[in-house]
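Below is one structure, written out as C-alpha cells; comments come after it.
Computed from the coordinates by the stated procedures, all read-outs in this text should not be read as laboratory data. Everything numeric in this text was worked out from a predicted model, so none of it was measured. Don't worry about glycine lacking a Cβ; one is built from the backbone with ideal geometry, like all the others, and counts go over all protein chains shown.
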Ligand code: SAM
Ligand code: FES
C-alpha cells in the first residue's frame with residue numbers, strides 16, 4: 001500500500017479483504033476527515049441489512065451489583081469511589097426483573113455487575129440455572145469481569161450462553177494508563193480466550209477516546225478484534241465521572257464513535273454491534289445514529305427503578321429515571337422512526353445458526 005492510497009481505497013480494501021494492517025488502520029483513522037461520511041454509513045448499513053434486515057436485537061440489561069473489587073481509573077463504581085451508594089440485588093429481585101422483562105418481550109437477559117466476590121461461582125451458577133428453568137427460551141449473557149476458567153465453565157454448564165468482557169484497549173502501555181498495576185491486558189485476553197474455548201458467544205470491545213488513546217491504539221484494537229473474531233463488539237465513547245481520577249478528561253466524540261462502528265461493521269460483517277447507552281448519553285440521537293452507522297443491537301435498562309440511579313459508570317447517564325416499560329416503548333418508537341424494528345427472539349449471532357445448520 002503506497003502513501004498515495006486514499007482513505008476510501010483503504011475502506012474498499014477492508015470491505016473486499018476483511019482486513020487492514022495496523023499502519024493502514026492508523027492512516028485511515030488519522031485521515032478520516034477525507035472520508036465521505038454518508039457514503040461510509042450507507043456502506044455499513046448495506047452490510048448490516050444483508051445480515052440482519054431491518055431488525056434490531058434487543059437485550060435487557062440487569063445491573064445487579066455495583067460493588068467492585070477493581071479500581072479501573074475511568075469507572076464510576078471503582079472500589080475507591082467512596083461516594084457510590086452500593087447495592088446488590090437478591091436472586092428473587094433478579095428473577096422478578098427477568099419476569100417483567102419477559103412480559104415486555106425481552107428474550108435475552110444481560111446480567112452485568114462489578115467484580116463482586118460476594119456472589120460465589122456457585123451463586124451465579126444457581127442464578128443462571130433458575131433463570132433458565134423459568135425462561136427456557138431466553139438467552140443469558142453474563143458480564144461480571146475476570147474470573148477463573150473453572151467459574152466460567154461452571155456458568156456455561158449451568159446454561160449461560162454469552163459473555164461480555166471488553167478488552168478495553170489492545171495496547172499494553174495504554175492498558176497500563178487506564179488500570180491499576182494489578183490488572184493486566186494479558187489476563188484480560190486470556191479470559192476472552194478461555195470464554196471462547198468453553199463455547200460462549202463472546203463480546204469484546206473498547207471505549208472510544210478514553211484518556212491517552214491514540215490512532216495507533218485504535219488501530220491495534222481493530223487488528224486484535226479481527227484476530228479474536230468475537231460474536232459481538234461493544235464500543236461506546238468514554239465519558240468522565242466526577243469522582244474518578246479521569247474527571248477532567250473530555251468525553252469521546254459522536255463523530256469518532258460512529259466512524260469506528262462503521263469500520264467494525266465492514267470488517268466483521270455479521271458481528272453483533274450495540275448502539276450503547278454511552279452513545280445515547282453524549283447525543284440525544286446517538287443510538288439512532290449508531291444504528292444508521294451499522295450497529296444492530298440495543299440494550300435498554302431493565303434494572304429495578306430504585307437502583308438504576310446507582311449504577312453510574314459515568315456522568316449524566318440516560319434512562320436512570322425511567323421504568324423498564326417506558327424504556328422499551330421509547331426504544332421501539334425511536335427505531336420505528338428510522339425504519340427499524342425490534343426483534344422478539346434470542347437474537348443469537350448468525351454464526352450460531354450457521355453452525356447448527358452444518359451439524
Ligand atoms: N465488571 C465487568 C467488566 O469489567 O467487564 C462489567 C462491568 S464494567 C462497568 C462494563 C464496561 O463499562 C467496561 O467494560 C467499560 O468499557 C465501561 N465503562 C466503564 N467506565 C466507563 C466510562 N467512564 N465511560 C464509558 N464507559 C465506561
Ligand atoms: Fe469494576 Fe468498573 S472498576 S466495574
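For the listed peptides 303-315, 82-94, a ranking on the average number of other beta carbons within 10 Å per residue, highest first, reads 303-315, 82-94. Eigen-decomposition of the gyration tensor built on the alpha-carbon atoms of segment 258-321 gives equivalent ellipsoid semi-axes of 25, 12, 9 angstrom, largest listed first. Once C-alpha pairs closer than 8 Å and six or more residues apart are averaged by separation and normalised to the residue number of segment 133-242, the relative contact order reads 28 percent.
Each semi-axis of the equivalent ellipsoid for the chain is √(5λ) with λ an eigenvalue of the Cα gyration tensor; in descending order they amount to 30, 23, 21 Å. One chain, two ends: residue 186 and residue 95. Fully extended at 0.36 nm per residue, the span grows by 29.3 nm beyond their Cα-Cα distance. Put in order of Cβ neighbour count within 10 Å, fewest first, the listed residues 167, 187 become 187, 167. With viscosity set to 0.692 mPa s at 37 °C, what whole-number translational diffusion coefficient in µm²/s follows for segment 1-41 from Stokes-Einstein and a Kirkwood radius over Cα pairs? Translational D for this selection: 318 µm²/s.
The slack in the chain from residue 226 to residue 120, taken as 0.36 nm per residue of separation less the alpha-carbon distance, amounts to 34.8 nm. Taking each residue as 0.36 nm, the span from residue 330 to residue 8 lengthens on full extension beyond its C-alpha to C-alpha distance by 112.3 nm. Sequence-distant contacts, meaning Cα pairs under 8 Å at least 6 residues apart, place the relative contact order of the chain at 24 percent.
Going by neighbour counts of Cβ atoms within 10 Å, the residues 207, 331, 117 line up, fewest first, as 117, 331, 207. Between segment 123-182 and segment 213-281, the alpha-carbon centres lie 20 Å apart.
Between the alpha-carbon centers of segment 294-317 and segment 1-31, tell me the distance in whole angstrom. First find each Cα centre; the distance between them is then 35 Å.
Take the Cβ atoms of residue 322 and residue 353, set R0 to 35 Å, and the FRET efficiency comes out at 0.60. In terms of other Cβ atoms within 10 Å, 8, 155 run from fewest to most in the order 8, 155. Averaged over residues, the count of other Cβ atoms within 10 Å places the peptides 233-245, 25-37 in the sequence 233-245, 25-37, highest first. Work out the FRET efficiency for residue 150 and residue 215 from their Cβ-Cβ distance, taking R0 = 45 Å, and round it to the nearest 0.05. So, using R0 = 45 Å, E works out to roughly 0.70. Using only Cα coordinates, the Kirkwood hydrodynamic radius of segment 186-267 works out to 13.9 Å.
For segment 267-346, the relative contact order is 26 percent, taking Cα pairs closer than 8 Å that sit 6 or more residues apart in sequence and dividing their mean separation by the residue count.
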